[in-house]
């Protein structure tokens, strides 16, 4: 039994109002894998990198993350993204996108990954997400899909095919509105849950997240932070924490999903405290337990009887 | 002992994507008074209206709200506001503002109001808010101040004087950023709590509200709604529900304020379901209890030990 994460392992160069980085390790599968590794000990990645990645893959294997499914293309260069965040940290400009080896990504599933019970399809072209699902010998117990507005613009047909095969979709509020054509997030959720997934998570950044499914709604806050240094990877970290928690508790129901959203939110709150993977690479169990307690304190009230 | 609310009692004409109204009764004190009346039975208003208001004042007295402090100006016309909401319901254009009798509002405090223990200073010129405070023989146990960006633009000096005399400030997120000059709401709260109030509530509309004070933070969600027909008065309803709950439980501490924020949010969630005061005028106790339970279900999770 394992948790398999498909997504990018890449280089990022990030500029925010607080500073800028050279090429550092990034990518959706990197953030999601690191986050999940704190909650579950059989995390396995599927991705593609170039020879230029070198021994930096050790930052994943050091956490016990399996990388047999991370293909290294000889002479190839890893996916590279450079972006600059605006002062509000909620919007950003993409400065450089070099697909490199990602352009021909053909996901290979090692035999050792065929025990996959929990699958996170990170933000990638929907065709790669479909290919991954088809190459698994058994349908996983839970499939979580992350995607973005770009794929709604250029590959909506394929995206709708993937949606029919997944259990949980995570997107942000603007994307939920785009996908459904509804402004009200309640109506957007009703519409999207007709497209295939049983559960929908709408990520609202500093405003938290909403989970819809089983006729219920759960609202999770974001932790109010004095400083957000770098939002890069926060959504991927959220997704990794979410599915990592569910893999750990081995039971998928709405009550556990509520908790999973809190774990995802807590891990994402660490992610933004430093540049890149700096913070999410270096967490202690005590820090995570303490952060979860902060979410309890942040949301508790005592009425309703 | 009583809860006194100072604010406008007025006429509104409202247009939203769902329809439009003729002149209907509105005003901050109207919404706040109606909301508070469901939680506390000694609600007393201070305001000014024209003779044109006629017997429509009965909609307040019918709920047991005292109106001895609502001055009627002979031959005068009541304050009138007309506005049109955009499709997102989060922004609006003001079409008409006729101050009328509000231009010379000089708040009179009847002797029967001098038992005021809880005071809500609704959104008004800061000078009127200051005058009201000075004319009370005893400092109330709790003073809640509502204000808006307009007064930050045109009367910041007076507003800062009022801030030094109140216990709780309620403003929205854009106003918190404007007042403090800080983008981070955590830093904005730190800065604003230095200006006088012990507690700050930042209202975020569809994203809920944050309560800061006593070194703690509480995050309350908004109830996700399929349809928002008319946001007019939601903030005033929130404030009325908030202070009404505290007047009812007779004890001001952070734990009770958490509950008060939930009551305010629950009443505000009714307010937006119909035009004007339609919904907030016609609530049953069972409906309110049920809505509070929805907030419990919306936010509950079970980890942290």
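The values are calculated or read from the model by the stated rules, or taken from the named source; none is laboratory data. From a predicted model like this one, the values you see are computed outputs, not experimental measurements. Glycine gets a Cβ as well: all are built from the backbone with ideal geometry, and neighbour counts include every protein chain shown.
Inside region A:221-257, residues that are more than 30 Å from residue B:182 (Cα to Cα), within 14 Å of chain B (Cβ to nearest Cβ) and crowded, with 20+ Cβ neighbours inside 10 Å make up a count of 6.
Among the residues of region A:88-106, those identified as at pLDDT below 95, assigned to a loop (DSSP other than H, G, I, E, B) and touching a strand residue (DSSP E or B) at 6+ places or on another chain (Cβ under 9 Å) are A:89, A:91. Every listed requirement among (1) touching a strand residue (DSSP E or B) at 6+ places or on another chain (Cβ under 7 Å); (2) modelled with pLDDT under 95 is met by residue B:251 save one, (1).
Within this structure, residue B:172 passes the test of being within 14 Å of another protein chain (Cβ to nearest Cβ), under 17 Å from the mean Cα position of the chain (by Cα) and under 22 Å from residue B:34 (Cα atoms). In region B:181-198, the qualifying residues are those that are more than 8 Å from every other protein chain (Cβ to nearest Cβ) and assigned to a loop (DSSP other than H, G, I, E, B), and the one that is farthest from residue B:292 (Cα to Cα) is B:181. The number of residues in region A:274-289 being surrounded by 15 or more Cβ atoms within 10 Å (Cβ to Cβ) and either more than 14 Å from chain B (Cβ to nearest Cβ) or not in a helix (DSSP H, G or I) (or both) comes to 9.
If the condition is being surrounded by fewer than 20 Cβ atoms within 10 Å (Cβ to Cβ) and at positive phi, then region B:37-91 contributes B:54, B:64, B:75.
Listed residues A:69, A:76; which is in a loop (DSSP other than H, G, I, E, B) and either within 14 Å of another protein chain (Cβ to nearest Cβ) or in contact (Cβ under 8 Å) with a residue 24 or more places away in the chain (or both)? Matching residue, one of A:69, A:76: A:76.
In the set A:303, A:262, A:292, only one residue is crowded, with 21+ Cβ neighbours inside 10 Å, within 8 Å of another protein chain (Cβ to nearest Cβ) and either closer than 15 Å to residue B:302 by Cα or touching a helix residue (DSSP H, G or I) at 6+ places or on another chain (Cβ under 6 Å) (or both); that residue is A:262. Counting only residues that are surrounded by fewer than 17 Cβ atoms within 10 Å (Cβ to Cβ) and touching a helix residue (DSSP H, G or I) at 6+ places or on another chain (Cβ under 6 Å), region A:114-126 holds 0 of them.
For residue B:178, the requirement of being closer than 18 Å to residue B:105 by Cα, surrounded by fewer than 23 Cβ atoms within 10 Å (Cβ to Cβ), at pLDDT 95 or above and touching a helix residue (DSSP H, G or I) at 6+ places or on another chain (Cβ under 8 Å) is not met. For residue A:210, the conditions (1) under 16 Å from the mean Cα position of the chain (by Cα); (2) at the interface with chain B (Cβ under 8 Å from one of its Cβ atoms); (3) surrounded by fewer than 21 Cβ atoms within 10 Å (Cβ to Cβ) all hold with the exception of (3). Residues of region B:147-175 that are surrounded by fewer than 17 Cβ atoms within 10 Å (Cβ to Cβ) and over 18 Å from residue B:128 (Cα atoms): B:174 alone.
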